[in-house]
1. Is there a residue in region 73-93 that is touching a Leu at 6+ places or on another chain (Cβ under 9 Å), in contact (Cβ under 8 Å) with a residue 24 or more places away in the chain, part of a strand (DSSP E or B) and surrounded by 16 or more Cβ atoms within 10 Å (Cβ to Cβ)?
2. Here are ARG79, ARG32, ARG52: which of them is out of contact with any Ser or Thr (no Cβ under 9 Å at 6 or more places or on another chain) and of a type outside the set (A, V, I, L, M, F, W, C)?
3. Could you look through region 29-45, keep only residues that are out of contact with any strand residue (DSSP E or B) (no Cβ under 8 Å at 6 or more places or on another chain) and part of a loop (DSSP other than H, G, I, E, B), and pick out the one that is farthest from LEU72 (Cα to Cα)?
Amino acid sequence: MTSPRAKTWFLYLLECRNGRLYSGITTDLAARFAKHCNGKGAMFTRLNPPLRMLAATTFEDRSAASKAEYELKQLSAVRKRQVASAWAAQRDLPGTSR
């Protein structure tokens, strides 16, 4: 049973300016993307600044999002893009003009 305060967790995929990909989890896509853009998100995105958020998908809890993130990180870049393209379309992803 989930509590009334349960937050939705997102697994997201960023495309960096140099073409590399970064995946992470958060409860707030806009705030997390802003942190990455400002060099405060992760060491990887400080070294590889993000260009845009490619996709995001939702999970009911942090544990499920973390497990999915681990599995995504095991994939090749091509496969990560394929998996993310199959996620339900999210409107107004940070860093996009959808």
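The values are calculated or read from the model by the stated rules, or taken from the named source; none is laboratory data. Treat the numbers as computed from the prediction; the structure is a model and nothing was measured. Every residue, glycine as well, gets a Cβ built from its backbone with ideal geometry; the counts of neighbours run over all protein chains shown.
1. The answer is no, given that none of the residues of region 73-93 is touching a Leu at 6+ places or on another chain (Cβ under 9 Å), in contact (Cβ under 8 Å) with a residue 24 or more places away in the chain, part of a strand (DSSP E or B) and surrounded by 16 or more Cβ atoms within 10 Å (Cβ to Cβ).
2. Residue meeting the stated conditions: ARG79.
3. Among residues in region 29-45 that are out of contact with any strand residue (DSSP E or B) (no Cβ under 8 Å at 6 or more places or on another chain) and part of a loop (DSSP other than H, G, I, E, B), the one farthest from LEU72 (Cα to Cα) is ASN38.
Residue by residue, here is whether (1) modelled with pLDDT of 95 or more; (2) closer than 22 Å to ALA6 by Cβ; (3) in contact with a Gly (Cβ under 9 Å, 6 or more places away or on another chain) holds:
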{"position": "THR27", "(1), (2), (3)": "yes, yes, no"}
{"position": "ARG32", "(1), (2), (3)": "yes, yes, yes"}
{"position": "ARG52", "(1), (2), (3)": "no, no, yes"}
{"position": "ALA65", "(1), (2), (3)": "yes, yes, no"}
{"position": "GLN74", "(1), (2), (3)": "yes, no, no"}
{"position": "ALA88", "(1), (2), (3)": "no, yes, no"}
